[in-house]
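Since the structure comes first, as structure tokens, the remarks are kept for the end.
The values are calculated or read from the model by the stated rules, or taken from the named source; none is laboratory data. A quick note: this is a predicted structure, and the numbers were derived from the prediction, not measured. Heads up, the Cβs are rebuilt from the backbone with ideal geometry, glycines too, and the neighbour counts pull from every protein chain shown.
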Amino acid sequence: MIKTLFRVSAVLLFLTACSQHSTSHKSAVDAAIKLKPSSNIDVDIRWTSYGIPHVKADDWMSLGYGYAYATATDGVCVIARDVVVVNGSSMKYFGDQQQASDIFHQAVVTDALVAQYNVSQTERAKIFNAGYVAGYNRYLADHKDALPASCANAEWVKPITIDDMARLTVGVGIRYGLGRYTANIATAQPPKAGEISDKALPSKGASISDVDDLPLASNAVAFGKAVTDNGRGILFGNPHYPWAGPSRFHLIHITLPGEIDIMGVSLFTTAGVSIGFNKDVAWTHTVSTGMRATLYKLDLHPNDPTQYRFKDGFRKMEARQVTLANGQAIDVYFSHYGPIVVHENLVWDETTAYTVRDANLYNFQAAESYHQMSQATDVHELIDAISLGGVSWVNTIASDSKGNAMYADISTVPNVDAALIEECQVGEQRWGRAKMIILDGSRPDCAWRDSSAAVVANTLPADKMPRLVRDDYVTNSNDSYWLSNPKAPLEGYSPIIGSEGTARSLRTRAGLHFVDEILSAGPVKPAAVYSLIDDHRNFGAELLLGDLLRLCTPERTSIELSCKVLEQWDRAHRVDSRGAHLWTEIMRTLQTDSSIFEVPFDLKDPTNTPSGLKTSDPDVAKTLVNAIETAQQRLTKVGIALDAKLGDIQYVQRNERKIAIPGGEGWSGAFSMIIAPLREESGVGYTPVVHGNSIMEIVSWDDNGTVNPRGLLTYSQSQEPDSPHYADQTELYSKGEWIDFPFHEEDIADNPDLRSLNLTE
């Protein structure tokens, strides 16, 4: 105990020294919050059914302590491994394949950056983080001989520091910026005379993000008082996130009486609820279309490829030396914009190089933004909170007890307007599904604009970003802000945020169509909203399969069996659906081909077009038949019957149990989204699930204004096979069951599986 007290006190002394330089957008609050400058810890953790922790304390230090302890209970191995990653020391423990990651993290997430982050935090955040560090380390001490099998006795499981927390937070913030280009940065080296270095041409960059090569996917709908049965809001949240790794969600409830009482999910490696609800307001996120970074093209000095033209002269690149676990020293190169990046389309030769600037690299607002979100009493206060700049790369969709429905893409993007793009863009580059514009790096007037209204320097101010508050509904399924409600299109914003007047994805159109169906049935009740997920409908099939079946003529014997299966398919991705996987494979071939549609996209009817298949066109008919034949061949090759039940071939293995998983690929028209690779081994099927439905929630309020939250964490609280909460909610997801979230005190106290732990120091 004495050692622990000393550790906590030492952390507090460090924080006190740093606090003299801290900044806060709610500084007046710091004097009033329950910081508890002493080192005494007193926190209660209660667990209810399915391993949901409820952390309650009377001060921020103790709350952070309990939060970390509860999170480590389910995710200690994940957290410990990611700490190693963000510190750039993965090679030492996990092999040479981690080289690019180590180079990237050492060069980008520097000690100086971490110090800036720490100094910038509010006093409340500093105290909470100090508690978190002490609580996590307490968990390690208490369980040193009883860690999960995946990290038991591993030398990389170590106590953490405040700096480790800063690195984890920065890593999440740059996930959709610099985080996409880890290897592209790590391998960028000056060319040898007269040639391009082979090392500088990776075909595909690794990423610190485990979601980089997956669809940026989530669904959300907020209903308002004009359409609900009792005049209060209803929120449907359905983020699609990885089923393994540091980007898994963890369900938690934290309470500090008089300050916050909030329940929701965080990532294993973040300290705070990111999607959740309190008694008055509920919110969720969907990944937005906004660009988090831009590329700059650099014109190089004719005699030195590490100098680039700027204004009327040349600037020298900064070479940051990193040292790997094998002792190798490597220079990583930076312009004043950011690191040099290479790609097969962006080569570093004797005349040209490319550099990337990330708007979130110096964005340290997350803790304060989310703290104020947790205290919001309606969607208007929620907008005020996200306007502080701490929402890095997502839309926010919310409802409140007053019956407001809100959409906002108030997130961190460069302050680049249409005029600057028109004047300075010299190209465009894609990494997978991500698009980046390339600007002229030699011209000072092509730099991101500054604004006194921007909280984060050189980013677009909140008042220049789209938001919509309505009393009927708003929705988003990862297309841009434009048709958050088709009755009130959001228009006139910078292209850096997203597109306007363009075709929407099948999943976006599915959401809009399904919402219209719910509205047409009369006043909306929470029970009606479950159909958005529980039916597992494929809108793409509802829209197009009838046309495709016109090709099923007697002379086309090659597709006869597929035609029979598709005719009987229920157009859904339920566990007992037969033919869903066949549709998935057909659409895998067709998903990017716009020429197949009878009716092209029509700006006057954007939610219903494109539509129909141009089966009368011989070329299109051939394309469609080939897609069916290709799907048949792929499934036959791996021993999967065309009429197999989806649940027999799409599943996760949980110890000795094989759990059927409903849901489908978004680009096929599925709204309920599950991504699982088709294995090459004969008869194995689609497993494991890597991405898709994660935290599903429907938050409503009764006639008296009491919040009523229901939901499910599809993959359960822990990814450790030896945890009792490795599969319990996954079994419920397979069966289409949800749970009542025990938010109210009486629900916690009366829970049949209640267990409690009091932690003191």
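From the list N129, N137, the lone residue that is touching a Pro at 6+ places or on another chain (Cβ under 8 Å), modelled with pLDDT of 95 or more and under 29 Å from Q717 (Cα atoms) is N137. For segment 513-522, taking the residues that are in contact with a helix residue (DSSP H, G or I) (Cβ under 7 Å, 6 or more places away or on another chain) and either assigned to a helix (DSSP H, G or I) or in contact (Cβ under 8 Å) with a residue 60 or more places away in the chain (or both), the one that is farthest from L590 (Cα to Cα) is identified as I518. Checked against the criterion of being surrounded by fewer than 18 Cβ atoms within 10 Å (Cβ to Cβ), hydroxyl-bearing (S, T, Y) and either assigned to a loop (DSSP other than H, G, I, E, B) or touching a helix residue (DSSP H, G or I) at 6+ places or on another chain (Cβ under 9 Å) (or both), segment 702-716 has at least one qualifying residue.
So, in segment 483-525, exactly how many residues are surrounded by fewer than 16 Cβ atoms within 10 Å (Cβ to Cβ), among the charged types (D, E, K, R) and closer than 26 Å to V413 by Cα? Looking only at that region, the number is 1.
Residues of segment 554-577 that are within 20 Å of G647 (Cα to Cα), assigned to a loop (DSSP other than H, G, I, E, B) and among the acidic types (D, E): D570, D576. Within segment 607-642, if we keep just the residues that are of a type in the set (G, A, S) and touching a helix residue (DSSP H, G or I) at 6+ places or on another chain (Cβ under 7 Å), the residue that is surrounded by the most Cβ atoms within 10 Å (Cβ to Cβ) turns out to be A631.
Counting only strands (runs of 3 or more DSSP E) that fall entirely inside segment 304-413 and contain at least 2 residues that are touching a helix residue (DSSP H, G or I) at 6+ places or on another chain (Cβ under 9 Å) and either among the β-branched types (V, I, T) or over 30 Å from I103 (Cα atoms) (or both), the qualifying elements are 318-323, 329-334, 394-400, 405-408.
The set of residues in segment 736-757 being of a type in the set (G, A, S) and surrounded by 14 or more Cβ atoms within 10 Å (Cβ to Cβ) consists of G736 alone.
Considering the conditions (1) part of a helix (DSSP H, G or I); (2) buried (at least 22 other Cβ atoms within 10 Å of the Cβ), A528 is excluded by exactly one of them, (2).
Among the residues of segment 523-564, the ones that are closer than 29 Å to L732 by Cβ and either in contact with a helix residue (DSSP H, G or I) (Cβ under 9 Å, 6 or more places away or on another chain) or of a type in the set (V, I, T) (or both) come to 14 in all.
Residues in segment 431-467 that are among the acidic types (D, E) and either in contact with a helix residue (DSSP H, G or I) (Cβ under 8 Å, 6 or more places away or on another chain) or within 16 Å of G390 (Cα to Cα) (or both): D440, D445, D463. Of the residues P466, P495, P444, the single one that is farther than 20 Å from M291 by Cα and in contact (Cβ under 8 Å) with a residue 24 or more places away in the chain is P444.
Among residues of segment 572-592 being without any contact (Cβ under 8 Å) to a residue 40 or more places away in the chain and either loosely packed, with under 13 Cβ neighbours inside 10 Å or within 29 Å of L732 (Cα to Cα) (or both), the one that is farthest from the chain's Cα centre (by Cα) is A572. Before we move on, is I596 within 29 Å of F249 (Cβ to Cβ), of a type outside the set (F, W, Y) and touching a strand residue (DSSP E or B) at 6+ places or on another chain (Cβ under 6 Å)? Answer is no for this residue. Being in the same structural domain as V76 (by TED's automatic domain parsing), assigned to a loop (DSSP other than H, G, I, E, B) and over 21 Å from V43 (Cβ atoms) holds for only one residue in A112, A149, and it is A149. Step by step: first the residues of segment 388-401, then only those that are under 21 Å from I174 (Cβ atoms) and not β-branched (V, I, T), then the one that is surrounded by the fewest Cβ atoms within 10 Å (Cβ to Cβ). Which residue is that? Ranking the qualifying residues of segment 388-401, first place goes to L388.
Please work out which residue is surrounded by the most Cβ atoms within 10 Å (Cβ to Cβ), limiting yourself to segment 402-421 and to residues that are over 24 Å from G237 (Cα atoms) and among the β-branched types (V, I, T). Once the filter is applied, the top-ranked residue is V416. Among the residues of this structure, R571 does not count as one that is among the basic types (K, R), in contact with a strand residue (DSSP E or B) (Cβ under 9 Å, 6 or more places away or on another chain), over 22 Å from H513 (Cα atoms) and at pLDDT 95 or above.
Quick check on V689: is it under 18 Å from K735 (Cα atoms), touching a residue at least 12 places away in the same chain (Cβ under 8 Å) and in a loop (DSSP other than H, G, I, E, B)? Spelling it out, V689 is indeed under 18 Å from K735 (Cα atoms), touching a residue at least 12 places away in the same chain (Cβ under 8 Å) and in a loop (DSSP other than H, G, I, E, B).
Table: residues versus (1) closer than 16 Å to G669 by Cα; (2) among the hydrophobic types (A, V, I, L, M, F, W, C).
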position	(1), (2)
T592	yes, no
D602	no, no
P610	yes, no
L613	yes, yes
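Every residue, every condition in (1) crowded, with 19+ Cβ neighbours inside 10 Å; (2) farther than 19 Å from R175 by Cα, yes or no:
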{"residue": "Q328", "(1), (2)": "no, yes"}
{"residue": "Y333", "(1), (2)": "yes, yes"}
{"residue": "G338", "(1), (2)": "yes, no"}
{"residue": "W348", "(1), (2)": "yes, yes"}
{"residue": "T351", "(1), (2)": "no, yes"}
{"residue": "Q372", "(1), (2)": "yes, yes"}
{"residue": "V379", "(1), (2)": "yes, yes"}
{"residue": "I383", "(1), (2)": "yes, yes"}
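Residues in segment 279-287: is at least one more than 30 Å from R232 (Cβ to Cβ) and touching a residue at least 60 places away in the same chain (Cβ under 8 Å)? Taking every residue of segment 279-287 in turn, none turns out to be more than 30 Å from R232 (Cβ to Cβ) and touching a residue at least 60 places away in the same chain (Cβ under 8 Å).
Which is surrounded by fewer than 24 Cβ atoms within 10 Å (Cβ to Cβ) and hydroxyl-bearing (S, T, Y), of T269, T306, T284, T294? Within the list T269, T306, T284, T294, the selection yields T306.
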